[in-house]
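Enquirer: Here it is: the structure, laid out below.
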Amino acid sequence: MHGHVDPRFSRVRDVFADNFATHGELGASLAVMLDGELVVDLWDGFADKAKTRPWTESTLANVFSVTKGWTAMCAHRLVDQGKLDLDRPVAAYWPEFGANGKSQLPVAFLLDHTAGLPAIRELLAPDTLFDWETMTRALANETPWWSPGTKHGYHACTYGWLVGEVIRRVSGKTPGAYFRDEIARPLGLDAHIGLDAADDARCADLRFMRRPPGSEPTLAQRLMAAPESMAARAFTNPAGLVVPDVALSRAWRGAELPSINGHGAARANARLYGALACGGELDGIRVLARESIDRARTERVHGEDAILGEPTRFGLGFMLSEPEAMFGPNEGAFGHPGMGGALGFADPAARIGFGYVPNMLGTHIHIDPRAIRLIDAVYASM
């Protein structure tokens, strides 16, 4: 095992090791910030399926929907800069969006998953996935699947184009460039929405865990039982989203998909959320105002999710703790998991920032059991 651990958190190191020994871990990084100090910074295992490339301090992995939290921070930072009002209609910043009954839909509905735009009805070509203009045009022309604000459903992929286009219209920068210039680079984060080709060699391969016979159907299996449904199209239109190994391609890594293709390691997530856990500032760099953090983690919706088919709880761009998916024991913690197990969250009550990035992908919708064991070990060490 590589890295360092404050002696108070030695049990976290032991649980991290046990994930490799008994819970199928291939390669992973783990980091924890406490009150602005990096108290856990570990990495181990392999970056490739053949186990020929050791996971190193500089290994990056696709963190999937963890990216949504990064994108939300960009939107909230624009609010702090006086450039964006979450209560104003999206069409005030993106006029074309007002078509088909969306003229009064507020920006906040994009962040809390109540906009009614989790999927596009018209079937799109697979490579449309990488065509920003086509995707945002399709969403601007789309009619909501439900009356906006009346219920919520996880905008698994469309969230990135919706919130990202608002960021682009307001700031004049693509969401990846805004995140880099305003957040990642000032904080010294090795985190990217749109990865340079020179960094491909640092990227970990991805592999799915084998599921025991007789396991409950996965979300993907449930969706494919009704491939024409709104929920299925949220994940499969454009079809490029489900092309095997697309997430390992240069096209995927280089694109800006602010819902799903962020690349980074655990330390970047821990530093980012560690700043938010400490009032929005780390090492003299202000990420967000305290007021923005409090607004972002205030519950907006809670209950049955129209896409996932089970309860979810959201603030403005962030998931909040659920009984089966806790960001630690304290009320007010917030963050975002990613498909397969990656996770970043902040706990302002404990002043903790947490980051975990694996390349062996599990199938849990919310927080992976490997991450839950690590979270429990962190709080048991406090």
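Enquirer: Tally Lys and Arg at +1 and Asp and Glu at -1 over the other residues with C-beta under 15 Å from the C-beta of residue 360: what net charge comes out?
Expert: +2
Enquirer: Gap in Å between the Cα centre of the stretch 75-124 and the Cα centre of the stretch 345-382?
Expert: 31 Å
Enquirer: To the nearest 10 degrees, how steep is helix 158-171 against the longest Cα principal axis of the chain, on a 0 to 90 scale?
Expert: Approximately 80 degrees, to the nearest 10.
Enquirer: Tally Lys and Arg at +1 and Asp and Glu at -1 over the other residues with C-beta under 15 Å from the C-beta of residue 276: what net charge comes out?
Expert: Numbers: positive: 68, 77, 271, 286, 290, 295, 297, 351; negative: 35, 80, 182, 281, 283, 291, 294, 347.
So the surrounding residues net to 0.
Enquirer: How much net charge surrounds residue 257 when only other residues with a Cβ under 12 Å from its Cβ are counted (Lys, Arg +1; Asp, Glu -1)?
Expert: That works out to 0.
Enquirer: Could you work out Rg/(2.2 N^0.38 Å) for the chain, with Rg from alpha carbons only?
Expert: With N residues counted in the chain, Rg over 2.2 N^0.38 Å equals 0.92.
Enquirer: If you don't mind, there's one more thing I want to ask. How about residue 173: which aspartates and glutamates have a C-alpha closer than 13 Å to its C-alpha, ignoring those fewer than 8 places off in the same chain?
Expert: 165, 181, 182, 256
Enquirer: Now, a different point. Check each of the chymotrypsin sites (Phe, Trp or Tyr not before Pro) in the stretch 114-158 and keep only those in coil by DSSP with at most 15 other C-beta atoms within 10 angstrom; list them in order.
Expert: Nothing satisfies the criteria.
Enquirer: Could I ask something else about it? Working from Cα positions, state the angle (0 to 90°, nearest 10) between the long axis of helix 10-22 and the longest principal axis of the chain.
Expert: 80 degrees
Enquirer: Please sort 304-312, 21-29, 187-195 by packing, taking for each peptide the average over its residues of neighbouring beta carbons within 10 angstrom, highest first.
Expert: 187-195, 21-29, 304-312
Read-outs throughout are calculated quantities, based only on the coordinates presented, and are distinct from any laboratory measurement. What you are looking at is a predicted structure, and each value in this text was computed from that prediction instead of being measured. No Cβ is skipped: glycine too gets one built from the backbone with ideal geometry, and neighbour counts run over all protein chains shown.
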